[in-house]
Each structure stands twice: as C-alpha cells, then as structure tokens.
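Each remark here refers to the structure printed beneath this line.
The values are calculated or read from the model by the stated rules, or taken from the named source; none is laboratory data. On a predicted model such as this, the values are computed, not experimentally measured, just so you know. Heads up, the Cβs are rebuilt from the backbone with ideal geometry, glycines too, and the neighbour counts pull from every protein chain shown. Areas reflect the complete protein model, heavy atoms only, side chains present, ligands, DNA and RNA absent. Shrake-Rupley method; radii C 1.70, N 1.55, O 1.52, S 1.80 Å.
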Amino acid sequence: MTKYRKKPVVIEAKQYKGLSNYIEICEFVGKPLDSEYNREIIVIETLEGTMRANTGDYIIKGVKGEFYPCKPDIFEATYEAVE
C-alpha cells in the first residue's frame, strides 16, 4: 500500500459559537445561513451537498472558495494556527 501525506495548505476558518457569532459566520460565508434550534445549528451548502454545523464546529473556507463544517476534534488534529 502506498502512503500519502496531506500537502500543507493554509485555510481560513472560524469557530461557530451559536447565536453569539451567527452574523460573523454569515459575513464570513458571504450570505445569510438557514439555522435550526435558535441558531444552535446552521445549514451550509457544500460541494458535497447540504451539511449542518453545530455550535462548536469550525467553518472552513476551502482552497477553491467553498465552505464546509468540521468537528472541533478533527479540526484541532488536522490544523494549527499560522503566524
């Protein structure tokens, strides 16, 4: 089996904190987002279809300008802050 390493790519991301930064996330994504349960969950259209982001999830802007949610544990294991 051949092994591969992920290429180092710098991405932009924001953690969704629910109602307190809903507007900030909408501005980041560039449009209003549908939400559920008093904005505890937001709905994001991704290249793979409609996905839901829970409070605490990260919203990532991909290399082609696409957006998608990522669970905090996966985000923290995959990404580190860039100075």
Original post:
Can you tell me which residues in the range 24-83 are assigned to a helix (DSSP H, G or I), of a type outside the set (Val, Ile, Thr) and under 18 Å from Val10 (Cα atoms)?
Top reply: Phe28, Pro72, Phe75, Glu76, Ala77
Subject >> Complete set of residues in the range 1-19 that are hydroxyl-bearing (Ser, Thr, Tyr), open to solvent by less than 100 Å² (accessible area, probe 1.4 Å) and farther than 18 Å from Tyr68 by Cβ >> reply: Thr2
Original post:
Only one residue in Tyr16, Tyr4, Tyr37 is among the hydroxyl-bearing types (Ser, Thr, Tyr) and at positive phi. Which one?
Top reply: Tyr37
Subject >> Lone qualifier among Gly56, Gly62 - being touching a Pro at 6+ places or on another chain (Cβ under 7 Å), closer than 22 Å to Ile74 by Cα and surrounded by fewer than 16 Cβ atoms within 10 Å (Cβ to Cβ) >> reply: Gly56
Original post:
Applying the selection to the range 28-45, what residues are modelled with pLDDT of 95 or more and either within 15 Å of Cys70 (Cβ to Cβ) or basic (Lys, Arg) (or both)?
Top reply: Phe28, Val29, Lys31, Ile41, Ile42, Ile44
